[in-house]
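Comments concern the structure below.
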Amino acid sequence: MDKVTNNNLLYILGPKNSGKTTSIELIIKELNSKGYKTGSIKFTHKELSSEISTKDTARVREAGSQYSIFLSPKETTLIMKRKNRDEIDKVLKYINKTNDMLPPVNILICESLNDPPENSKIVLVASTIEELESYSKGLNNPKILGISGKISNSDEKEWNSIPIKIGRAHV
């Protein structure tokens, strides 16, 4: 793929502990088994630098470095300082500008963005019907492709004519 656009994005939305990460794992495995190449973006309120921190890289960031690149034999991690979390459009521009560095993907999975762009493709993840109702209210004209998460262990088979499945939410 030459460019990552909103057409390639799949948003996984739901409250904490509803099964988002498990759903994403299952969706990625299913898509990869069908020949798709996937990437992911995790939106969080936590600072990653506190989670991915070694003594030396933390000291360099604290000294005022605008970004740190952590290179290991099998991984590269880029941490950039920002005043506010970037909007998805800005992230896509960055991904597309660095396309020669990043492995190409067909589908980019975005976890935990509470306000995705209008007409976004969404998998809702929830534990209960009440959580589905609550999360769907604030969405701006979504294309809900499926429902996943802990709710799939209940007797519920669908919600608003959308099937409830384990991870394979019509992707």
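Does Ile95 count as open to solvent by less than 70 Å² (accessible area, probe 1.4 Å), touching a helix residue (DSSP H, G or I) at 6+ places or on another chain (Cβ under 9 Å), within 29 Å of Glu75 (Cβ to Cβ) and not small (Gly, Ala, Ser)? No. For Lys157, indicate whether it is open to solvent by 90 Å² or more (accessible area, probe 1.4 Å) and at pLDDT below 75. Against the criterion (open to solvent by 90 Å² or more (accessible area, probe 1.4 Å) and at pLDDT below 75), Lys157 does not qualify.
Taken over the range 23-58, the criterion of being in a helix (DSSP H, G or I), at pLDDT 90 or above and open to solvent by 80 Å² or more (accessible area, probe 1.4 Å) is satisfied by Glu25, Lys29, Ser33. For the range 128-150, which positions are open to solvent by 50 Å² or more (accessible area, probe 1.4 Å) and over 22 Å from Glu25 (Cα atoms)? Selection gives Glu130, Glu133, Ser134, Lys137, Gly138, Asn140, Asn141. Only one of the numbered conditions (1) modelled with pLDDT under 75; (2) closer than 20 Å to Tyr36 by Cα; (3) open to solvent by less than 70 Å² (accessible area, probe 1.4 Å); (4) of a type in the set (D, E, K, R) is not met by Asp100, and that is (3). Among the residues of this structure, Gly167 counts as one that is closer than 20 Å to Leu26 by Cα, open to solvent by less than 30 Å² (accessible area, probe 1.4 Å) and at pLDDT below 85. For the range 107-123, the criterion of a residue being touching a Gly at 6+ places or on another chain (Cβ under 9 Å), surrounded by 17 or more Cβ atoms within 10 Å (Cβ to Cβ), at pLDDT 80 or above and outside any strand (DSSP E or B) is satisfied by no position.
The values are calculated or read from the model by the stated rules, or taken from the named source; none is laboratory data. Everything numeric here is computed off the predicted structure, so don't read it as measured data. Note that we place each Cβ from the backbone using ideal geometry, even for glycine, and neighbour counts take in every protein chain shown. Calculation scope for accessible area: heavy atoms of the full protein, side chains included, ligands and nucleic acids excluded. Shrake-Rupley method; radii C 1.70, N 1.55, O 1.52, S 1.80 Å.
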